[in-house]
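A.B. asks: Mind looking over this structure? Questions follow.
The values are calculated or read from the model by the stated rules, or taken from the named source; none is laboratory data. Predicted, not measured: the structure shown is a model, and the values here were computed from it. With ideal geometry, Cβ positions are generated from the backbone for all residues, glycine too; neighbour counts draw on all protein chains shown. Surface areas here come from the heavy atoms of the whole protein model, side chains and all, with no ligands, DNA or RNA. Shrake-Rupley method; radii C 1.70, N 1.55, O 1.52, S 1.80 Å.
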Amino acid sequence: MLKTLKIVLSVFAAIILLIVIAAAALPLLFSPNDFKPQIASAVKDKTGRDLTIGGDIELSIFPWIGVTAEKLSLSNAEGFQEIPFAEIENAQIRAKLLPLFSKKFEVDRVVLKGLMLNLEKNDAGVNNWDDLKRTKPEAHTAATSTEWEDADTADTDKDAEEFKTVAGLAVAGVSLENARLNWHDRQNDKRFSIKELNLTSGDLAFGKPIDFKLRFILDQPEQERTSHYQLSSAVSLNENFDHFHVTRFDLSSEIRGKDIPGGSLSAKMAALAELNLNAQTLELTKLDAESGQLHATATLTGTNIVDAPVFEGPVSIARFNPSAWLKHAGIDPPVMRDAQALTSFGADFRLQLSSEAADIQSISIQLDDSAIKGNVRVDNFDDPAISFNLNVDSLNADRYLAPEDESDKTAQPIAGPAAAAAAGASMIPVETLRDLNINGLLSIGRLTISNLLLHGVDLKLAAKDGKVNTEQGVKALYQGSYEGAMNLDVTGVLPQWRLNEKFSGIQIEPLLNDYAGSAKIAGTLTASTKLQASGNDSKALKSSLNGQVDFFFKDSIIRGFNLQQMIDDAKSLLKGTPVLRDNPKDQTAFSEIKGSARIVNGVISNNDLIATASKIEATGKGTADLKSERVDYQVNAKLVRSKAAESTLDKIKELPIVINITGNFKDPQYKLDIASMLKDQQLEKLERKKDKLLDKLDKKVGPGVSDILKKFF
């Protein structure tokens, strides 16, 4: 037995000695550089590309069998630039010799230094690596299909054998040092470069976490933007390369460029992941993204990720200060009336995202003091179609408006929500309006805008093919209600607007107090408007405004305007007696004020005003110019002596009092028209003289003569 063991050991020692002698002698017996032409020829046969080895090839045998090559270059595909497709400054790969006899591959660290890839797509959309892909013949007959199926089966068996072989592979790691990738898309005229790419890994083994560290710079010269990325990760994979488990993923980035607010923007992201290529699933858990104060977390499940990926799961954005975040990012936040506006934002929602659409459900947003709930969907990212259904509990829109300009306090007429929607839309570029494809509903429980308080606001919006339509309603508007619609057509050269609004039972005094700080009129207003205009700015809209307005005030009071006193003053002036001084608390109460107005090119004309009080009846007519904001109006008022009279003519026992209203919308002036009143007085005197003369003719000539003469006067 001992003798046999000695023989075995002697044989084994002899084999080892032969290997050592061969390893030492082999590099002396031949040079691997002598085989450069054969290597280049083999590459040419397999790829159709030219391989150039500009440096030396070094060979080692024991204890590592390995190759080191320098200055390798692979030519580009035919029809592309005359530059190398790939270049490598230095490549090193070594494997232990003895384990190879047991079909075990123990590879030392694989090192590639100075790798450069020049990737390109031509004008026809062909890539310069497409020729390197394995392809079957484009067509074959049914008679040969079995042969190809047999070949496929053989390939599958071969792949299985290769996987078994790779399963025995152990690699000490991979190092990619100072690599560069250049991309040029000639079809879309886009280019970028990935440079200073460095990758290191730990031991490569199946079923065990493999540590990776990656660092590179993304250079986008057209955008004058440079992005720095660093990744640290741990990944385990199976022997079939179809199941990956990421136990650590930490990515940090910094984007620099002239178009980046503040010059740079930093962000971090971490996650755990499980990828199954066979099932086409990807599980992302503990997804955590952070940029300054902005912090978002999510858990996403991806399905069909190879053919048509779809990701779904909850997303949460922690409360943060948007204004402070914008400042940190180098963006000046908008200046608003309330310094505390836009200082608190948080959101939770469920996201479903594909390459074509995004569906955001169960939205819960907290913006300052407002709570927003609902859903939003975007279909077809290339030509977005947006739908939404959102509900806001309370919103003070005034907080987010620009500060009021104290130097410009020109009066602005109160506009209904339809007109306000038109004004807002007029600020949007026409091209943007033409491209809008949006359909949705917005509900606001309590809305404050222009100091006005609205309850139960509903807005329905539909926009497509250059036509924008809105329907809006307010359930409670100062003890009344409102409904209206706006139609905008931007398919032509000039935008065309149509506005319809109806106000019912609105208390006008508290509305004016909130809107303007004071009210010169009180009462219940019911009104309707039908308007149309063209243009895309306030001036053009006012100049082209046409339409009809009908209004009715019930139990109204006009302050600073005492019609009874003005009538008394007029009588005093006509008699030559002193006039009473103005009383700042003067007012006139009317049981009804009604009328209509016609608008032509921004000029409002009213000729049928009727105002009725207990002892006064008044009519009015005149104009108001929206462009100049000037008013020119005349009121004719008469005292009513007896309500029991049979006709209005019998009620009026005094001359009409004429009042001219002039000035601007903000501060109208009321003045008695004495000249008109005197003219009317003289006419009445002439009428009385004419009647006396006709009576005398009847007495002298005979009855009936006056009746004949009245036909000619």
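A.B. asks: Can you tell me how many residues within the range 186-205 are in a strand (DSSP E or B) and in contact with an Asp or Glu (Cβ under 8 Å, 6 or more places away or on another chain)?
C.D. replies: If we filter the range 186-205 for residues that are in a strand (DSSP E or B), which is where we start, we get 190-201, 204.
Now drop any that are not in contact with an Asp or Glu (Cβ under 8 Å, 6 or more places away or on another chain), which leaves 190-195, 198, 201.
Summing the residues that are in a strand (DSSP E or B) and in contact with an Asp or Glu (Cβ under 8 Å, 6 or more places away or on another chain) in the range 186-205 gives 8.
A.B. asks: Could you please tell me which pairs satisfy a Cβ distance under 7 Å, a separation of 6+ or placement on different chains, a first residue in the range 256-281 that is free of Cβ contacts under 8 Å to residues at least 40 places away in the same chain, and a second residue that is assigned to a helix (DSSP H, G or I) and open to solvent by less than 60 Å² (accessible area, probe 1.4 Å)?
C.D. replies: From residues that are free of Cβ contacts under 8 Å to residues at least 40 places away in the same chain, the pairs are 256/263.
A.B. asks: Follow-up question, since we're still on this one. Which residue is farthest from the chain's Cα centre (by Cα), if the candidates are limited to the range 494-531 and must be under 15 Å from residue 481 (Cβ atoms) and of a type in the set (D, E, K, R)?
C.D. replies: Step by step, filter the range 494-531, then rank; the result is 502.
A.B. asks: Quick one: which of 680, 650, 608, 673 is at pLDDT 75 or above and among the acidic types (Asp, Glu)? Quick ask: steps written out before the conclusion?
C.D. replies: Values: 680 fails: at pLDDT 75 or above; 650 fails: at pLDDT 75 or above; 673 fails: at pLDDT 75 or above.
The conditions single out 608.
A.B. asks: Cβ contacts < 8 Å: first residue free of Cβ contacts under 8 Å to residues at least 24 places away in the same chain, restricted to the range 327-343; second residue part of a loop (DSSP other than H, G, I, E, B) and among the aliphatic types (A, V, I, L, M), any location; separation 6+ or different chain. Result?
C.D. replies: 333/342
A.B. asks: If you don't mind, another one. For residues that are under 44 Å from the mean Cα position of the chain (by Cα) and surrounded by fewer than 18 Cβ atoms within 10 Å (Cβ to Cβ), scanning just the range 71-82, find the one that is farthest from residue 119 (Cα to Cα).
C.D. replies: Taking the range 71-82 first, the residues under 44 Å from the mean Cα position of the chain (by Cα) are 76-77, 79-81.
Subsequent filtering for residues that are surrounded by fewer than 18 Cβ atoms within 10 Å (Cβ to Cβ) retains 79, 81.
Details: 79: 13, 81: 10 Å.
If we take residues in the range 71-82 being under 44 Å from the mean Cα position of the chain (by Cα) and surrounded by fewer than 18 Cβ atoms within 10 Å (Cβ to Cβ), then 79 is farthest from residue 119 (Cα to Cα).
A.B. asks: Give, as residue ranges, the strands (runs of 3 or more DSSP E) completely inside the range 329-402 that count at least 1 residues that are β-branched (Val, Ile, Thr) and within 26 Å of residue 431 (Cβ to Cβ).
C.D. replies: In the range 329-402, 370-379, 385-396 are the strands (runs of 3 or more DSSP E) which contain 1 or more residues that are β-branched (Val, Ile, Thr) and within 26 Å of residue 431 (Cβ to Cβ).
A.B. asks: Inspect the range 467-484 for any residue being assigned to a strand (DSSP E or B), open to solvent by less than 40 Å² (accessible area, probe 1.4 Å) and aromatic (Phe, Trp, Tyr) and give the result as yes or no.
C.D. replies: yes
A.B. asks: Going through 339, 308 one at a time, which residue ends up being closer than 28 Å to residue 393 by Cα, open to solvent by 40 Å² or more (accessible area, probe 1.4 Å) and at pLDDT below 95?
C.D. replies: 339
A.B. asks: Still on this structure: Which of the residues that make up the range 243-291 are open to solvent by less than 40 Å² (accessible area, probe 1.4 Å) and not in a strand (DSSP E or B)?
C.D. replies: Selection gives 260, 263, 280.
A.B. asks: Quick one: which residue in 224, 177, 196 is over 21 Å from residue 257 (Cβ atoms) and of a type in the set (Asp, Glu)? Explain how you work it out, then say what you get.
C.D. replies: Working: 224 fails: over 21 Å from residue 257 (Cβ atoms); 196 fails: over 21 Å from residue 257 (Cβ atoms).
Selected residue: 177, the only one of 224, 177, 196 that is over 21 Å from residue 257 (Cβ atoms) and of a type in the set (Asp, Glu).
A.B. asks: Which residue pairs have Cβ atoms closer than 6 Å, lie 6 or more positions apart in sequence or on different chains, and pair a first residue in the range 611-622 that is more than 19 Å from residue 525 (Cα to Cα) with a second residue that is among the hydroxyl-bearing types (Ser, Thr, Tyr)?
C.D. replies: From the range 611-622, the pairs are 622/633.
A.B. asks: Let me ask another. Looking only at the range 83-118, which residues are crowded, with 17+ Cβ neighbours inside 10 Å, among the aliphatic types (A, V, I, L, M) and modelled with pLDDT of 90 or more?
C.D. replies: 86, 88, 115, 116, 117
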